[in-house]
Amino acid sequence: MDAALVQQQDVQSLHRLRHKVSTLFLNIKGGFDNVELSALLSLLCHRGVSPYLIQWIGSFLRDCTCRLTFQGSPRTFTPVSVRVLQGSPISPLLFVIYIFSLHMDIPSALTISYVDDFAITVASPAYSTNVCPLQKAFSALKRKATPRNISFSIPKTEVIHWRTPRENQPPCRLPVHLEGQIFYPQTCLKWLGFLFTPLFDPRAHFSLRLSLANGAFTAIRRLSPPGIGLPPTSVLPSHGLSLLLFSYTVWLYGNLSPPFLTEWLSFGDGSAGGLPTAFLPPTRHVSTGRHATPTFSAWSATNIALQA
């Protein structure tokens, strides 16, 4: 969420300077499977990590085995042929250390990264002058990535030309050319779980969250016999809200007006028992499934509740 907030704030700050802003989104191909153990241990040693910890990491990543546990499953261990195991708390940290050289300052560009996702943003007086800097920034990242045996996924490479509501010109359709591939600007793309549009219109994001929350709520209601299971108002705060309101704080930053939020918080036919009433008490609440909502989010929710 922090990376998405920074991305949005950077673009809006550049827009206030009357610049045309474009962003190239990249994803490392293979991710954890491309980590060379010898290169990782050598990098840790060069960074001054204690020999004991380096030996522990080497032991953790070598000769891994696993077995499945279910009724009738074989009880034998099978070798796992992966570089860095996914699902372990230490794996993302090791991967970030391994690709440390990619987290660099690119001249005339803003770079934001989260594990294996990168966003390169450039700005200039015209969209046409943004294409070349994006291509040069990609080439700089590729030169750093090649020695690590890292490449970027072509299907997950996307570009977007950001706009402001005051722009009257047709949307820019200038593509970006990378390694013989042509990438046309997207009208809606997903990055780090967020749906972005050139205008930062939150409708696309909340439409997806609403459909997911409606689907989950319908499944729970179908599996709960009438008069026996939990009432909708009991299930909604713990399950439906975490789906519907995931990352809503990103859109509260200068985008989401109280009437719009109230409209999208109406749960379909209203069978949820009044979602705005259940969600908007002037206290801290759960917005991403964790009891750690930022104070800014609670403050915004309080103001929306008072104005609704």
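The values are calculated or read from the model by the stated rules, or taken from the named source; none is laboratory data. Because the structure is predicted, anything quoted here is derived from the model rather than measured. As a convention, Cβ positions derive from the backbone with ideal geometry for all residues, glycine included, and neighbour counts pool all protein chains shown. These area figures cover heavy atoms from the full protein model, side chains too; ligands, DNA and RNA do not enter into them. Shrake-Rupley method; radii C 1.70, N 1.55, O 1.52, S 1.80 Å.
Can you give me the % of accessible surface on the range 1-65 that is carbon or sulfur? Probe 1.4 Å, all protein chains present, nothing else counted. Mind dumping the intermediate values first?
Working: 1840 of 3510 Å².
Carbon and sulfur atoms account for 53 percent of the accessible area of the range 1-65.
Please list, or write none, the lysines whose alpha carbon is within less than 16 Å of the alpha carbon of LYS144, excluding same-chain residues fewer than 8 places away.
Result set, ordered by chain and number: LYS29, LYS136.
Taking the Cα centroid of the range 35-68 and of the range 91-112, what is the distance between the two, rounded to the nearest whole Å?
Answer, in whole Å: 20.
Just to confirm, what accessible area per residue do you get for the range 74-196 at 1.4 Å probe, in whole Å²? Display every interim value, and only then the final one.
Values: 6890 Å² over 123 residues.
Per-residue accessible area for the range 74-196 comes out at 56 Å².
State the percentage of accessible surface on the range 166-205 attributable to carbon and sulfur atoms; use a 1.4 Å probe and exclude ligands, DNA and RNA.
Details: 1220 of 2340 Å².
After summing per-atom areas, the C and S share lands at 52 percent.
Summing Lys, Arg as +1 and Asp, Glu as -1, what charge do residues with Cβ under 11 Å from the Cβ of THR111 carry, THR111 excluded? Could the numbers behind the result be given before it?
Numbers: positive: none; negative: ASP10, ASP105.
Net charge around THR111: -2.
Within a Cβ distance under 11 Å of LYS20, other residues only, what is the Lys/Arg minus Asp/Glu net charge?
Values: positive: ARG18, ARG163; negative: GLU167.
Local charge sum for LYS20: +1.
LYS144: net charge of surrounding residues, Cβ under 14 Å, Lys/Arg +1, Asp/Glu -1, itself excluded? Can you show the working numbers first?
Numbers: positive: LYS136, LYS142, ARG143, ARG148; negative: ASP105.
Net of charged neighbours comes to +3.
Please calculate how many Å² of accessible area the range 1-49 carries per residue, with a 1.4 Å probe and no DNA, RNA or ligand atoms counted. Please list the in-between numbers first.
On the way: 2310 Å² over 49 residues.
Per residue, the range 1-49 has 47 Å² of solvent-accessible surface.
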